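S.K.: Take a look at this one; I'll ask things after.
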There are 4 protein chains.
Amino acid sequence: MKSVRENAKELMKGYCKVCPVCNGKACVGEVPGMGGLGTAASFKNNVKALEDLKLNMRTIHEFSEPDTSVNIMGLKLDIPVLAAPIGGVEFNMGGRISEQDYISSKLKGCAAKGIIGCTGDGVPDFIHESGNSAIKECNGHGIPFIKPWEEDELHIKLKKAEETGCKIIGMDIDAAGLITLKKMGRPVTPKCIRKLRGIIESVNADFILKGIMTPDEARMAIDAGVKGIVVSNHGGRVLDSCPGTAEVLLDISRAVAGQCSVLVDGGVRTGLDVLKMLALGADAVMIGRPFSIATIGGLQEGVEKYIDQLKGELTQAMVLTGTEKASFVDIRILFR
Amino acid sequence: MKSVRENAKELMKGYCKVCPVCNGKACVGEVPGMGGLGTAASFKNNVKALEDLKLNMRTIHEFSEPDTSVNIMGLKLDIPVLAAPIGGVEFNMGGRISEQDYISSKLKGCAAKGIIGCTGDGVPDFIHESGNSAIKECNGHGIPFIKPWEEDELHIKLKKAEETGCKIIGMDIDAAGLITLKKMGRPVTPKCIRKLRGIIESVNADFILKGIMTPDEARMAIDAGVKGIVVSNHGGRVLDSCPGTAEVLLDISRAVAGQCSVLVDGGVRTGLDVLKMLALGADAVMIGRPFSIATIGGLQEGVEKYIDQLKGELTQAMVLTGTEKASFVDIRILFR
Amino acid sequence: MKSVRENAKELMKGYCKVCPVCNGKACVGEVPGMGGLGTAASFKNNVKALEDLKLNMRTIHEFSEPDTSVNIMGLKLDIPVLAAPIGGVEFNMGGRISEQDYISSKLKGCAAKGIIGCTGDGVPDFIHESGNSAIKECNGHGIPFIKPWEEDELHIKLKKAEETGCKIIGMDIDAAGLITLKKMGRPVTPKCIRKLRGIIESVNADFILKGIMTPDEARMAIDAGVKGIVVSNHGGRVLDSCPGTAEVLLDISRAVAGQCSVLVDGGVRTGLDVLKMLALGADAVMIGRPFSIATIGGLQEGVEKYIDQLKGELTQAMVLTGTEKASFVDIRILFR
Amino acid sequence: MKSVRENAKELMKGYCKVCPVCNGKACVGEVPGMGGLGTAASFKNNVKALEDLKLNMRTIHEFSEPDTSVNIMGLKLDIPVLAAPIGGVEFNMGGRISEQDYISSKLKGCAAKGIIGCTGDGVPDFIHESGNSAIKECNGHGIPFIKPWEEDELHIKLKKAEETGCKIIGMDIDAAGLITLKKMGRPVTPKCIRKLRGIIESVNADFILKGIMTPDEARMAIDAGVKGIVVSNHGGRVLDSCPGTAEVLLDISRAVAGQCSVLVDGGVRTGLDVLKMLALGADAVMIGRPFSIATIGGLQEGVEKYIDQLKGELTQAMVLTGTEKASFVDIRILFR
C-alpha cells in the first residue's frame, strides 16, 4: 500500500495530499476537489465521530479465526465493505488517469476480492456512462448511483442503469443540494415520499437510498419501498455542519429495526472503523476517498491491496474484541 | 467575492487580516481595530457557539424553492439579514475610504438587494452624522443606532435620527461599558427601566434595544416598550468572557414569546449561520464585520455580492434541511 | 503598563517571558523560576478555570459608578486585591534587582493605592528578613507569610513577624511539600489541627491560612482559629494535577458560610478575573506573578500602574454586569 | 536522570525521541519501535486518562513521613511499582545494547531498590531466553511473562520460566492480536476460560494475567485461578482505540473486590501517576517505556535513579494529599 499511496500523492497533486490520516483538515472547502464543503465540518465530524468511539478489548474467548463475511441485499461480501460512488476524476482528482480506467479498475478490484463497487453520476455525462460500461464489463457486478434529477433525465438514466445488468440501483438523494448542477441547467431536487415511491416502483432492481441522516427519513425511505439505505452526509460535500454519520447511525439503525439493510459511509478508513460502524448497527459500510486514492495510485492492484489491508485490520480487531462474525457484532464491544 | 475580499485585505492592512474564517483569533484585543476586547473570548465564543450547532440534513420533501423572505417590524426583507451598525472607518478599519462613502455604500447595497442596513454612533461626531446623511440618501431606509449617552447628548442625537425619515431607531445599550468615551468627557451609561421607558416614549419611531444577553433583560426591554431586541454582546468589544449569542438566544426567544421581534448578531458569517440563528428563535440576524469587509473591499457592489452569496447559501441550507420558509424555521433542524 | 512589562521582560530574561497572557505554558516545570511544577497542570488549571467562567452582561440598571472597595479582616481595601507573598528574586526572577528593593516597592505601591501586600519566606533568610523590613517601612501595613517550619524555626519567625507591627500574619501551609527545603536541612511539614491551634493561639495577630483546596480543610482551619483562609494551590508550584482554584472556590466558600474571610489566588490576571472570584464567594483575591512582573518592571510605580489597571477593568466589568458593590457580588452574574 | 535521558536519546535515535513527556504523540504508529499502533489512540488515551485526574491537596494532617511500601502476591515492594515486561531491544529500541545487558540491568536495578522487574517474550527466542537468564542471575527475583502461544510452544516456555526459580509467572493474553507472530508461523491466540484454567493449574507458580480491560474478563480471570491481573491495553500496541487504563481501572478493581491483586500499566510516568492509579484501586503499577529508556540510557544505575525519582515524587504527592500508606489510598484524594 505504501507505494500505491506515494504514487497517488504524485498523481493527485493539487487535488489531494494523501494525508497520513484522511480527515478533511488539509483540503477544507475544496469542492470540486477531494475536500469538504465550507468549513468542512461535516467531513471532519465524520472522522471525529469514529475516533471518539473506544473499544473494549477482550481476549478470554475462543474466536481466533473470525468470519468477516456478510450477506446483504442478496450479495455475499467477503468483508462488509462497498466502494462508495465517487466520480469526476478530472475535476476532483487531477485527471491524470481516465474516468473509464478509474471506474473499471475500481469495480474489477472489488469483484476480484469478493466485494462490490458503486459508480457515480454527474455532469458531464461520461461520468455516469463510464460507470455503466464498467458495470457491464463486470457482468452486472456493480451498483450504479443516480442523482435526484428532475423527471426525464432521471428516468432515462435509471433505464440505462438497468441495462447494465446490475441487481441493485441507488440514488444519492442528498445531492439535491448541489446548486452547481442547477446552475448548469441540470437541476437536482429533493423528492417527497410519494414521488420517491413512484420512482422505486418504476425501477426493475432493488433500490438503495443514500443520504439518510435522521430516523424519520429512514422510516420514510422504508415506506417508499427501499431495500437499503445509506446513512451518509455525502462525505461532507453538500451541507456544512452535519453531525458525523457515526453520531446518528445507532438511532437510525434502531428505527429501521431490520426492515431494510443499513449501510453507512463517512470517515471509514480502516478495518477498525468498519467494526465500529457494525457495532452501531450497520450491515455494511461504504468507503469513499480511500478507494479513490487506491485506484488512482495502483489501479485494480491498488484496490485489491487496500481490500486486503482492510480485511487484515478487521480480522485483528474482531479477534481482540471477541467478535466471532461480522454479521453479528455486539454493541458492547464499544466502551460506554 | 474573492476580489472584494482581496481588495479589503489590502485596504485594511494593519486593521483586519480578512481571515478565511472571521473568528477573532488573529485580532485578539485589537480595540480600536476589528478585534475582540481583552482575550477576545466573547468574540470567539460567538463564532464557536455557531460552529457547535449541527444540522439535520433532510431531503425527502418537496421544498426545492424555499422562501427566504421575512416581514419584521414593518419591514419586508428579501433575506432575514440586516447590516449591523459599525462605524469608525478611520480608527477601526484603516481609514482608506471615507466614513461617508463607507456608510452610504453599505446602506445602498442593502436597499438594492431588498434588505436594510444600520448606522453607528460614536466619537467623533461625523460617524453619526455620516450615518444620518446616508439614511436620508436612502429615503429613510436605514436604522440609526444611538449610544446610551447622558441626557442632553442623547436627546439631541435621537432627534437628529428621527429627522432622517427612518421608521426604526435603535440603541446599543451595551456600549455603556465603553470607558474610552467617558475619558473623552462623553459618558455613556446603563439605563434603568424607568429611564428607558421615558426615552422610548419620547422617540417618534419604533425602538430596538441592542445588547440583550439574558431573558430577564429581554422582558425588561419589552416592559420598557421596545418593538425589537438584538441579542448581542457587541461583537465581543465591551465585555470579555461573555457567552456566544447562540448560547443564550433560545432561552431569550422563549422568554420573549412573540412579544417583540428578536434579532441577534455575533459570529454570523454565512447563510448556514443565518439558518441556525432562525432555528434558535431569531426573526432575523445582524451581520457586522463581514459587511464592513465587503463594503471596504467593494463599496456598494461588494455589499450586493455578499448579500447574493448569503442568499445562495441560505437557500441551499434550507433545501437540505427541508425548510420551506425563513419565517418559520423548525428547531428540529438542529441536531440534538 | 506597556513599558513596565517590556522592562520586566528584559530584566527577567531566562526566568519569565512576560507572556501576553500569563498562563503557565511557556514556563512548564520551571521551579525555581516562575513556572508550575512538573507538567504545570495546576498552574494551567488555575488560568483555565477562570477562562471557562462566562459572564452575563446586563445594562438595564443604574449602577454606573460602582463601589469597588471592601472591608476584610479589619482592612479597608480600595479594590478587593492583595499582592500575594512571593519572594526569591534571585533564583525565581533573575536577580537584577535586590530582594529588599523588590519587596519594599511592592508594599509601598500597594499602600499608596489603598490595598495591601504580603511578604514571602524561604531560604536564604534574607527573603523573610527583607519582607519584615519592608513591612516596618510601611508602619506595619503588610502581611508576612511564614512557611510551616518545624517547632523552633517557626516560633522565632512568627515572633519576628509580630515585631513588624503587622495586624495579620499568614502561613502558607501548602509549602509543606517543598522537598527542596527538607534537603537543605530546613524541613517544612503538614500540621494537624491540634498543632495548628497551638500555633494560632501563640500568635499575637490575626491569622490567615493559605493553601486550602477542600471544604473539609476549610472547616478544620476555622476550628483551629483562623480569621481567614486563602484558597490556593501555591500557584501550581508544590503539587502537579491540582484543580484550578476557581473550580473549588464555590464549594469552599459555601462550607465556610461567613465564619472566616475567604481569599483566593491562582490565575487572577485582570479586574474581570477578580469579579469572577468574588461571584464564587471570595471576599478578596491575591495576585502573584503579575505583581512580581509589575514590581521588577517598574518598582513602586509599576505596582501602582497595575493596581490602577485592575481598578479600571473591575469597574467596567461591574458596570456591565450590573454589580453595585464589590462587597456583594451576585453569583448570577455567572452564565449557567 | 538528566544525563541518563540524554544518553538514551542518543542511543535510541530513530526508535524513540525520549520526549519531555512520553505521551505517544511523536511515535504514532511506530510498531515495531516504541510507539502505539495505528493512530496511537490507545497509547495517548492512557496518558490522557491520567492527566485528566485531578488531586485534592490536603496539608492539615500529620503524615510527613508516609510509608510507600506495599505487600503484593507475597512480594514486599519498597514502592508499589514493577518494571513492565518489554523486550526486543534490536527492533524496538535501536539495538545499541544487547538484549541480555538490557534485561539483566533492569532486573538488577529493580532488585537493588527493593522492587521487581518483569521479562518479555517474543520472536526471536533470545528475548525470552535472555529474560530467563536474567531472572536466574537475580536468584528468581523477576516475573517472566509468556505470550499466549498455542499448546506446545506455550508449555515448553512455561516450563522454562518455572526453572528460573521465579515465584510468579505472567501471561500477556492481549498479545493474542499480534498478527505479525502468526505470519512468522508462531500463532498466538485468545484463550477461553476453560483452557486458561488448565494452563494456570499446570503452572508451578502464582499466575498473573495481563491485558484485562473489562470487569467481566477480570471476573473470568479470577474464575480461572489467577492470583493477579494487570489492567492493560499492552501500551496501545495491539488494538487502536482502547480507552486509557485509568478510565477502566476503578470499575475493574471494584468488580474484583479483593479476590486477586490488581496491577495496572499504561501511561504511568511519575510518582504522582502511581498515586492516582492506587486511588483508583490498583495494588501496584507496572511502568514500561520509562524503564526501557532508563535502562538503555544508564543500565542498572539508570534504573536505580529512575526508581529513586519515582519514590521522591510519590512521597511528596502522599504528603500533599494526606496519604499515610501506599497500601491504603483513599479515592477521595481525587477531585470529583
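The values are calculated or read from the model by the stated rules, or taken from the named source; none is laboratory data. Source: prediction; values computed, not measured. Positions of Cβ are generated from backbone atoms using ideal geometry, with glycine treated the same way; all protein chains shown enter the neighbour counts.
S.K.: I'm trying to understand the selection: among the residues of the range A:89-114, which are at pLDDT 95 or above, under 12 Å from A:SER130 (Cβ atoms) and under 17 Å from the mean Cα position of the chain (by Cα)?
M.R.: Once the filter is applied, which keeps residues that are at pLDDT 95 or above, under 12 Å from A:SER130 (Cβ atoms) and under 17 Å from the mean Cα position of the chain (by Cα), the range A:89-114 yields A:TYR102, A:ILE103, A:SER104, A:SER105, A:LYS106, A:LEU107.
S.K.: Does at least one position in the range C:248-258 carry a residue that is closer than 21 Å to C:ILE72 by Cβ, touching a residue at least 24 places away in the same chain (Cβ under 8 Å) and among the acidic types (Asp, Glu)?
M.R.: Here is the first cut: in the range C:248-258, the ones closer than 21 Å to C:ILE72 by Cβ are C:248-258.
Adding the requirement that they be touching a residue at least 24 places away in the same chain (Cβ under 8 Å) leaves C:248-256.
When the remaining residues are screened for being among the acidic types (Asp, Glu), the result is C:251.
Within the range C:248-258, one or more residues are closer than 21 Å to C:ILE72 by Cβ, touching a residue at least 24 places away in the same chain (Cβ under 8 Å) and among the acidic types (Asp, Glu).
S.K.: Which residue, of A:LYS48, A:LYS147, is basic (Lys, Arg), within 14 Å of chain D (Cβ to nearest Cβ) and under 28 Å from B:LEU55 (Cβ atoms)? Break it down stepwise before answering.
M.R.: Values: A:LYS147 fails: within 14 Å of chain D (Cβ to nearest Cβ).
Answer to the check: A:LYS48.
S.K.: If a residue must be free of Cβ contacts under 8 Å to residues at least 60 places away in the same chain and either under 18 Å from the mean Cα position of the chain (by Cα) or not in a loop (DSSP other than H, G, I, E, B) (or both), how many such residues does the range D:299-330 contain?
M.R.: Kept after step one, since they are free of Cβ contacts under 8 Å to residues at least 60 places away in the same chain, are these residues of the range D:299-330: D:312-313, D:316, D:328-330.
So of that shortlist, the ones also either under 18 Å from the mean Cα position of the chain (by Cα) or not in a loop (DSSP other than H, G, I, E, B) (or both) come out as D:312-313, D:316, D:328.
Residues in the range D:299-330 being free of Cβ contacts under 8 Å to residues at least 60 places away in the same chain and either under 18 Å from the mean Cα position of the chain (by Cα) or not in a loop (DSSP other than H, G, I, E, B) (or both): 4 in total.
S.K.: Among the numbered conditions (1) more than 27 Å from D:GLY36 (Cα to Cα); (2) surrounded by 24 or more Cβ atoms within 10 Å (Cβ to Cβ); (3) within 14 Å of another protein chain (Cβ to nearest Cβ), tell me where D:GLY198 comes up short.
M.R.: So the condition that D:GLY198 fails would be (2).
S.K.: Turning to a different aspect of this structure: Which residues, counting only those in the range A:296-336, are touching a helix residue (DSSP H, G or I) at 6+ places or on another chain (Cβ under 6 Å), more than 23 Å from D:VAL188 (Cβ to Cβ) and within 12 Å of chain D (Cβ to nearest Cβ)?
M.R.: Correct list: A:LEU334 only.
S.K.: For the range A:24-39, name all the residues that are surrounded by fewer than 24 Cβ atoms within 10 Å (Cβ to Cβ) and under 23 Å from D:SER241 (Cβ atoms).
M.R.: Residues satisfying the conditions are A:LYS25, A:ALA26.
S.K.: Which one is surrounded by the fewest Cβ atoms within 10 Å (Cβ to Cβ), of the residues in the range A:255-274 that are assigned to a helix (DSSP H, G or I) and over 15 Å from the mean Cα position of the chain (by Cα)? Full working, then the answer.
M.R.: The initial filter retains those residues of the range A:255-274 that are assigned to a helix (DSSP H, G or I), namely A:255-256, A:271-274.
Filter once more, so that each one left must be over 15 Å from the mean Cα position of the chain (by Cα): A:255-256, A:272.
Numbers: A:ALA255: 18, A:VAL256: 22, A:LEU272: 26.
For the range A:255-274, the residue satisfying everything is A:ALA255.
S.K.: A further question on this structure: For the range B:9-27, indicate whether the set of residues that are of a type in the set (Asp, Glu), part of a loop (DSSP other than H, G, I, E, B), more than 14 Å from chain A (Cβ to nearest Cβ) and farther than 30 Å from A:MET213 by Cα is non-empty.
M.R.: Step one: list which residues in the range B:9-27 are of a type in the set (Asp, Glu), which gives B:10.
Filter once more, keeping what is part of a loop (DSSP other than H, G, I, E, B): none.
No, there is no match, as no residue in the range B:9-27 is of a type in the set (Asp, Glu), part of a loop (DSSP other than H, G, I, E, B), more than 14 Å from chain A (Cβ to nearest Cβ) and farther than 30 Å from A:MET213 by Cα.
S.K.: How many residues are surrounded by fewer than 23 Cβ atoms within 10 Å (Cβ to Cβ), part of a loop (DSSP other than H, G, I, E, B) and aliphatic (A, V, I, L, M) if we restrict to the range A:88-116?
M.R.: So the answer is 1.
S.K.: On to the next question. State all residues of the range C:283-332 that are among the small types (Gly, Ala, Ser) and within 25 Å of C:LYS210 (Cβ to Cβ); if no residue qualifies, say none.
M.R.: Residues of the range C:283-332 that are among the small types (Gly, Ala, Ser), as a first pass: C:284, C:288, C:292, C:294, C:297-298, C:302, C:312, C:317, C:322, C:326-327.
Within the range C:283-332, C:ALA284, C:GLY288, C:SER292, C:ALA294, C:GLY302, C:ALA326, C:SER327 qualify.
S.K.: Here's something else I'd like to know. Given the conditions (1) surrounded by fewer than 24 Cβ atoms within 10 Å (Cβ to Cβ); (2) at pLDDT 95 or above; (3) more than 8 Å from chain A (Cβ to nearest Cβ), which single one is not true for D:ILE252?
M.R.: The failed condition is (1).
S.K.: Could you tell me whether B:SER232 is farther than 19 Å from B:VAL268 by Cα, of a type in the set (S, T, N, Q) and either touching a strand residue (DSSP E or B) at 6+ places or on another chain (Cβ under 8 Å) or surrounded by fewer than 20 Cβ atoms within 10 Å (Cβ to Cβ) (or both)?
M.R.: Numbers: farther than 19 Å from B:VAL268 by Cα: no; of a type in the set (S, T, N, Q): yes; either touching a strand residue (DSSP E or B) at 6+ places or on another chain (Cβ under 8 Å) or surrounded by fewer than 20 Cβ atoms within 10 Å (Cβ to Cβ) (or both): yes.
Against the criterion (farther than 19 Å from B:VAL268 by Cα, of a type in the set (S, T, N, Q) and either touching a strand residue (DSSP E or B) at 6+ places or on another chain (Cβ under 8 Å) or surrounded by fewer than 20 Cβ atoms within 10 Å (Cβ to Cβ) (or both)), B:SER232 does not qualify.
S.K.: So, restricting to helices (runs of 4 or more DSSP H) that lie completely within the range A:117-202, which ones have at least 2 residues that are touching a helix residue (DSSP H, G or I) at 6+ places or on another chain (Cβ under 9 Å) and modelled with pLDDT of 95 or more? Walk me through it before giving the result.
M.R.: Numbers: elements: A:126-137, A:151-162, A:179-183, A:193-202.
Those helices (runs of 4 or more DSSP H) span A:126-137, A:151-162, A:193-202.
S.K.: Something else: Does at least one position in the range B:62-74 carry a residue that is over 27 Å from A:VAL238 (Cα atoms), out of contact with any His (no Cβ under 7 Å at 6 or more places or on another chain) and part of a helix (DSSP H, G or I)?
M.R.: Going through the range B:62-74, the residues over 27 Å from A:VAL238 (Cα atoms) turn out to be B:71-74.
Right, trim to out of contact with any His (no Cβ under 7 Å at 6 or more places or on another chain) and you get B:71-74.
From what is left, the residues that are part of a helix (DSSP H, G or I) are none.
For the range B:62-74, residues over 27 Å from A:VAL238 (Cα atoms), out of contact with any His (no Cβ under 7 Å at 6 or more places or on another chain) and part of a helix (DSSP H, G or I): absent.
S.K.: So in the range B:275-287, with the set limited to residues that are among the small types (Gly, Ala, Ser) and buried (at least 24 other Cβ atoms within 10 Å of the Cβ), which one is farthest from the chain's Cα centre (by Cα)?
M.R.: Residue satisfying both the conditions and the ranking: B:ALA282.
S.K.: Also, I was wondering about something else. All but one of (1) surrounded by 18 or more Cβ atoms within 10 Å (Cβ to Cβ); (2) closer than 27 Å to D:GLY109 by Cα hold for D:LYS17; state the number of the condition that does not hold.
M.R.: (1)
S.K.: Would a scan of the range A:229-243 turn up a residue that is in contact with a helix residue (DSSP H, G or I) (Cβ under 7 Å, 6 or more places away or on another chain), in a helix (DSSP H, G or I) and within 11 Å of another protein chain (Cβ to nearest Cβ)? Steps first, answer last, please.
M.R.: Step one: filter the range A:229-243 for residues in contact with a helix residue (DSSP H, G or I) (Cβ under 7 Å, 6 or more places away or on another chain), giving A:229, A:231-236, A:238-243.
This time we only want the ones that are in a helix (DSSP H, G or I), so: A:234-236.
Of the ones still in play, those that are also within 11 Å of another protein chain (Cβ to nearest Cβ) are A:234, A:236.
Yes.
S.K.: Then there is this: Give the residues of the range C:234-264 that are in contact with a Leu (Cβ under 7 Å, 6 or more places away or on another chain) and under 17 Å from D:VAL319 (Cα atoms), sorted by residue number.
M.R.: C:GLY236, C:ARG237, C:VAL238, C:LEU239, C:ASP240, C:SER241, C:CYS242
S.K.: Hey, can you tell me all the residues within the range D:22-46 that are among the basic types (Lys, Arg) and out of contact with any Gly (no Cβ under 7 Å at 6 or more places or on another chain)?
M.R.: Residues of the range D:22-46 that are among the basic types (Lys, Arg), as a first pass: D:25, D:44.
Listed by number, the list holds a single entry, D:LYS25.
S.K.: Now for a separate question. Can you find a residue that is facing chain A (nearest Cβ under 10 Å), touching a Phe, Trp or Tyr at 6+ places or on another chain (Cβ under 9 Å), surrounded by fewer than 24 Cβ atoms within 10 Å (Cβ to Cβ) and more than 22 Å from A:LEU334 (Cα to Cα) anywhere in the range D:204-222?
M.R.: Scanning the range D:204-222, I find no residue that is facing chain A (nearest Cβ under 10 Å), touching a Phe, Trp or Tyr at 6+ places or on another chain (Cβ under 9 Å), surrounded by fewer than 24 Cβ atoms within 10 Å (Cβ to Cβ) and more than 22 Å from A:LEU334 (Cα to Cα), so the answer is no.
S.K.: Of the residues that make up the range A:69-78, is at least one in contact with a helix residue (DSSP H, G or I) (Cβ under 9 Å, 6 or more places away or on another chain) and buried (at least 24 other Cβ atoms within 10 Å of the Cβ)?
M.R.: First, the residues of the range A:69-78 that are in contact with a helix residue (DSSP H, G or I) (Cβ under 9 Å, 6 or more places away or on another chain): A:70, A:78.
This time we only want the ones that are buried (at least 24 other Cβ atoms within 10 Å of the Cβ), so: none.
Looking through the range A:69-78, none of the residues is in contact with a helix residue (DSSP H, G or I) (Cβ under 9 Å, 6 or more places away or on another chain) and buried (at least 24 other Cβ atoms within 10 Å of the Cβ).
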